[in-house]
Amino acid sequence: MGQHSFESARQSFSVARRCTLVCALIFAGACDSEKDTPQVPLPSAPSVTPTLPEQPTPQDTIDVNAAATEPFNDEIVIAGQRFSIGAPVVLWSDPGGYDAYSTEPFFEGEPRADGPTGLRYKPGRARGTEDFIEPSLNELASLIDQFVLHFDVCGVSRQCFKVLQDIRGLSVHFMLDIDGTLYQTLDLRETAWHARQANPRSIGIEIANIGAYAPDRASDLDKWYTLDEFGWRIALPERLGDGGVRTPDFVGRPARPERVRGVIQNDELEQFDFTAQQYDTLVKLSVVLCKVLPNIEPDAPRDARGIVRTGALSPGDFESFRGILGHDHITSGKSDPGPAMDWERFLDRVREKL
Ligand SMILES: [Zn+2]
């Protein structure tokens, strides 16, 4: 997703109403997708076969609060095969999962006459000039070379899926909630609609975070965060309840204590960092993606000085880039994953584990 340009339009709305509109507007202007009519219907629930010998094994302990002591699924699905990432994963087929294969609205009670219909993704992957195919793992590894990071501007993954599935008719492979739970909504062999020209060659993730704001609007962030004796913590609006966050009574804190200010696409923005739990899961997921789909290199787009870039790449640079990148590197109107994204530390950790 992305942000601003609608900032002035939303000033007059109440806080509660504001978020829903923000999410809707953000999707309206962001995450443009190539929504071709699906041509090759695939099974909605890919069969799962035993893991490959090269399956990475988790080596770290999991640090997602108390609930981590209970057994949890830690496997993602890539071309029908399961891979352990060592962090909590909820698949689209699991209880409490978010199923982007569905052609129906996910949430009950708020029917929208103008809501999306049909598939919210493109089954399979394009290979050259051929029609979309259902790729094997090896074929997928040859087709995928980018992993795109977004922030969701919805605050929690449940709200993100509501906007994607029920309001905008879009999709993304992964959603990463504030407690570090990773939701997978589609097998990675499907083409999700999350970043237009990157869709055919990429995997996408929406990281739960309310987004980045111009400094004169940054006080809006105080409505999503509150100060206690230990510092800033996430405080969800009352209307969201527990936000669908799976860790009971989870207390989410930005990985860095203060708002981070930075320049994205030449605009100065402020944002609270992602949680430590989100970084932990993002690192573990990225390690597995880089191993199983090795055309994804563990690096981000850099300028001539070697600094991670903060704006859209030229068409040529985009074409040749293989690795992990932000939506802002793809589309000039986007600011996600935002100035708080701690690229260097994140990439260092990924490379360490690789
Ligand atoms: Zn985005």
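The values are calculated or read from the model by the stated rules, or taken from the named source; none is laboratory data. Just so it is clear, the structure is predicted and the values come from calculations on it, not from any experiment. Virtual Cβ from ideal backbone geometry, glycine too; neighbours counted across all protein chains shown.
Does Asp273 fit the bill of being assigned to a helix (DSSP H, G or I) and among the charged types (D, E, K, R)? No: the conditions fail for Asp273.
With the structure loaded, tell me whether Gly180 is within 15 Å of the ligand (Cβ to nearest atom) and surrounded by 18 or more Cβ atoms within 10 Å (Cβ to Cβ) or whether it fails that test.
Details: within 15 Å of the ligand (Cβ to nearest atom): no; surrounded by 18 or more Cβ atoms within 10 Å (Cβ to Cβ): yes.
Spelling it out, it is not the case that Gly180 is within 15 Å of the ligand (Cβ to nearest atom) and surrounded by 18 or more Cβ atoms within 10 Å (Cβ to Cβ).
The set of residues in region 310-354 that are assigned to a loop (DSSP other than H, G, I, E, B) and away from the ligand (no atom under 16 Å from the Cβ) comprises Ser314, Phe321, Arg322, Asp342, Leu354.
Look at (1) modelled with pLDDT under 95; (2) out of contact with any Gly (no Cβ under 9 Å at 6 or more places or on another chain); (3) in a loop (DSSP other than H, G, I, E, B) and you find that Pro116 fails only one, number (2).
When restricted to residues that are assigned to a loop (DSSP other than H, G, I, E, B), without any contact (Cβ under 8 Å) to a residue 40 or more places away in the chain and not acidic (Asp, Glu), region 77-113 contains 5.
The numbered conditions (1) crowded, with 20+ Cβ neighbours inside 10 Å; (2) more than 15 Å from the ligand (Cβ to nearest atom); (3) within 24 Å of Tyr279 (Cβ to Cβ) are all true for Arg189 except (3).
When you look at Pro298, is it touching a Leu at 6+ places or on another chain (Cβ under 7 Å), within 16 Å of the ligand (Cβ to nearest atom) and in a loop (DSSP other than H, G, I, E, B), yes or no?
Values: touching a Leu at 6+ places or on another chain (Cβ under 7 Å): yes; within 16 Å of the ligand (Cβ to nearest atom): no; in a loop (DSSP other than H, G, I, E, B): yes.
Criteria not met by Pro298.
Screening Leu182 against (1) in contact with a helix residue (DSSP H, G or I) (Cβ under 8 Å, 6 or more places away or on another chain); (2) free of Cβ contacts under 8 Å to residues at least 40 places away in the same chain leaves a single unmet condition, (2).
Residues to consider are Gly241, Gly252; find the one that is touching a residue at least 40 places away in the same chain (Cβ under 8 Å) and more than 21 Å from His327 (Cα to Cα).
The unique qualifying residue is Gly252.
Taking the stated definitions as given, is Gly311 without any contact (Cβ under 8 Å) to a residue 12 or more places away in the chain and over 27 Å from Val77 (Cα atoms)? No. Filtering region 106-131 to residues that are crowded, with 17+ Cβ neighbours inside 10 Å and within 20 Å of the chain's Cα centre (by Cα) leaves Leu119, Arg120, Tyr121, Lys122, Pro123, Gly124, Arg125.
Output the residues belonging to region 68-90 that are in contact with an Asp or Glu (Cβ under 8 Å, 6 or more places away or on another chain) and closer than 14 Å to Asp187 by Cα. Residues satisfying the conditions are Val77, Ile78, Ala79, Gly80, Arg82, Phe83, Val89.
Conditions tested, residue by residue: (1) within 16 Å of the ligand (Cβ to nearest atom); (2) surrounded by 24 or more Cβ atoms within 10 Å (Cβ to Cβ); (3) not β-branched (Val, Ile, Thr).
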{"residue": "Ala208", "(1), (2), (3)": "yes, yes, yes"}
{"residue": "Ala212", "(1), (2), (3)": "yes, yes, yes"}
{"residue": "Leu227", "(1), (2), (3)": "no, no, yes"}
{"residue": "Phe230", "(1), (2), (3)": "no, no, yes"}
{"residue": "Gly244", "(1), (2), (3)": "no, no, yes"}
{"residue": "Thr247", "(1), (2), (3)": "no, no, no"}
{"residue": "Arg261", "(1), (2), (3)": "no, no, yes"}
{"residue": "Leu282", "(1), (2), (3)": "yes, yes, yes"}
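Contact map, region 191-204: residues that are modelled with pLDDT under 95 paired with residues that are in a helix (DSSP H, G or I) and surrounded by 19 or more Cβ atoms within 10 Å (Cβ to Cβ), Cβ distance under 6 Å, separation 6+ or inter-chain. No pairs are found.
Per-residue answers, yes or no, for (1) within 16 Å of the ligand (Cβ to nearest atom); (2) not in a helix (DSSP H, G or I):
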site	(1), (2)
Asn138	no, no
Ala141	no, no
Gly155	yes, yes
Leu164	yes, no
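Within region 317-354, can you find the residues that are of a type in the set (A, V, I, L, M, F, W, C) and under 15 Å from Ala195 (Cβ atoms)? Talk me through it step by step, then tell me what you get.
At the first step, the residues of region 317-354 found to be of a type in the set (A, V, I, L, M, F, W, C) are 318, 321, 324-325, 330, 340-341, 343, 346-347, 350, 354.
Once the filter is applied, which keeps residues that are of a type in the set (A, V, I, L, M, F, W, C) and under 15 Å from Ala195 (Cβ atoms), region 317-354 yields Phe318, Phe321, Ile324, Leu325, Ile330.
Run down Gly323, Gly311, Gly306 and say which single residue is under 18 Å from Gln265 (Cα atoms) and surrounded by 13 or more Cβ atoms within 10 Å (Cβ to Cβ).
Values: Gly323 fails: under 18 Å from Gln265 (Cα atoms); Gly306 fails: surrounded by 13 or more Cβ atoms within 10 Å (Cβ to Cβ).
That would be Gly311, the only listed residue that is under 18 Å from Gln265 (Cα atoms) and surrounded by 13 or more Cβ atoms within 10 Å (Cβ to Cβ).
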